[in-house]
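A short reminder: the numbers here are calculations on the coordinates, not readings from a lab. Quantities reported herein were computed from a predicted structural model and do not represent experimental measurements. Cβ placement follows ideal geometry from the backbone for every residue including glycine, while neighbour counts extend to all protein chains displayed.
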Amino acid sequence: MNKVIDLQKIADELEFDIEDVEMLMGVFVESARESLETLKVAIEHNDEEKILNAAHAIKGSAANLTLVDIASLAKTLETKVREKEELDYLSIYSELNELVNNIQCI
């Protein structure tokens with residue numbers, strides 16, 4: 001499932017140049033992939049602090065680029081960990097990983 005991102009729409013919404021949004025999107029994807037790796041290891045080791053940090057990083061950078069689906073899912077993970085609620089963390093990780101790795105920009 002590919003998520004098509006309209007960079008011009010984001011540029012217009014944020015009042016940025018399209019070139020800046022293209023660069024920011026590239027930085028986001030690279031950073032999110034690193035955070036996802038950290039998140040996976042943290043989940044495997046049940047390290048709540050690292051799960052929180054990784055989810056928070058993904059949430060913030062996604063929200064800054066108006067990537068609502070990614071930000072919302074990362075926020076859900078962050079909230080559930082903070083509230084110590086039972087959740088299939090690996091399932092959420094998989095969904096986030098799929099969303100980030102299937103971004104296509106137009």
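The single residue among 85, 22, 13, 49 that is among the charged types (D, E, K, R), in contact with a Leu (Cβ under 8 Å, 6 or more places away or on another chain) and over 12 Å from residue 100 (Cβ atoms) turns out to be 22.
I'd like the full set of residues that are of a type outside the set (Val, Ile, Thr) and either surrounded by 17 or more Cβ atoms within 10 Å (Cβ to Cβ) or in contact with a Ser or Thr (Cβ under 7 Å, 6 or more places away or on another chain) (or both), limited to region 38-51.
39, 40, 42, 50
Residue count for region 65-104 satisfying the condition of being of a type in the set (A, V, I, L, M, F, W, C), out of contact with any Asp or Glu (no Cβ under 7 Å at 6 or more places or on another chain) and in contact (Cβ under 8 Å) with a residue 12 or more places away in the chain: 11. Sub-9 Å Cβ pairs linking a first residue in region 34-51 that is touching a residue at least 60 places away in the same chain (Cβ under 8 Å) to a second residue that is among the aromatic types (Phe, Trp, Tyr), at least 6 apart or interchain, are 36/93, ordered by first then second residue. Within the option set 61, 31, being buried (at least 17 other Cβ atoms within 10 Å of the Cβ), part of a helix (DSSP H, G or I) and among the hydroxyl-bearing types (Ser, Thr, Tyr) holds for one residue only, 61.
Of 84, 59, 80, all but one fail to be in contact with a helix residue (DSSP H, G or I) (Cβ under 6 Å, 6 or more places away or on another chain) and of a type in the set (Lys, Arg); the exception is 59.
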